[in-house]
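Engineer: There's a structure below that I have some questions on.
The values are calculated or read from the model by the stated rules, or taken from the named source; none is laboratory data. What you see is a predicted model; the values in this text were computed from it and never measured. Note: ideal-geometry Cβ built from the backbone for every residue, glycine included; neighbour counts use all protein chains shown. Heads up: the accessible areas ignore ligands, DNA and RNA and are worked out on the full protein's heavy atoms, side chains in. Shrake-Rupley method; radii C 1.70, N 1.55, O 1.52, S 1.80 Å.
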Amino acid sequence: MKKACGQSPAAVKKWHEEDYPVIAAAAKAEGTEIQWGAESGLRSDDVRGHGFAPTGQMAEHADAIQVFYLPSYSAELGPDEMANADIQQAVTKLAPARAKLQWVKATFRDLRSEQRQFERIRKYSQHDPVRYAA
């Protein structure tokens, strides 16, 4: 996975050395887990205020959910991006979809296939950019 030219090395360093350790320590102290998610299809530089949860769902659970953002232009720091990259690569190797439904079906097939490959999924966390989150 490539790094974006707009990425701030200082912001990435701060994420690794300050922000993420605090988040991980708090999750451990509270007995909770960290869930990673991407807001694919939206602008990659600023997705605050956007999401895919049904209206009101985040508000219903606001006391139980904390949301943190990776530094701008730093998608490669999120472990979920390894899966996204695999899916994009697999789907784009197929014949071009002529309709949205074809694209959705191809993506769904690949997601189901990925789901059954436990060892492959486990290896995502071994890539250097995301090893810190394992």
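Engineer: Taking the condition of being surrounded by 11 or more Cβ atoms within 10 Å (Cβ to Cβ) and either assigned to a loop (DSSP other than H, G, I, E, B) or polar (S, T, N, Q) (or both), how many residues in the stretch 83-134 meet it?
Structural biologist: So the count comes out to 10.
Engineer: Would you say Ala38 is touching a Lys or Arg at 6+ places or on another chain (Cβ under 9 Å) and modelled with pLDDT under 75?
Structural biologist: Against the criterion (touching a Lys or Arg at 6+ places or on another chain (Cβ under 9 Å) and modelled with pLDDT under 75), Ala38 does not qualify.
Engineer: When both residues are 6+ apart or on different chains and their Cβ atoms are under 6 Å apart, which pairs have a first residue that lies in the stretch 73-98 and is under 17 Å from Tyr132 (Cβ atoms), and a second that is among the charged types (D, E, K, R)?
Structural biologist: Listed by first residue and then by second, the contacts come to Ala75/Glu81.
Engineer: Which pairs have Cβ atoms under 6 Å, sit 6 or more apart or on different chains, and link a residue in the stretch 112-125 that is closer than 16 Å to Ala90 by Cβ to one that is open to solvent by less than 90 Å² (accessible area, probe 1.4 Å) and assigned to a helix (DSSP H, G or I)?
Structural biologist: Sorted first by the residue in the stretch 112-125, then by its partner, the pairs are Tyr124/Met82.
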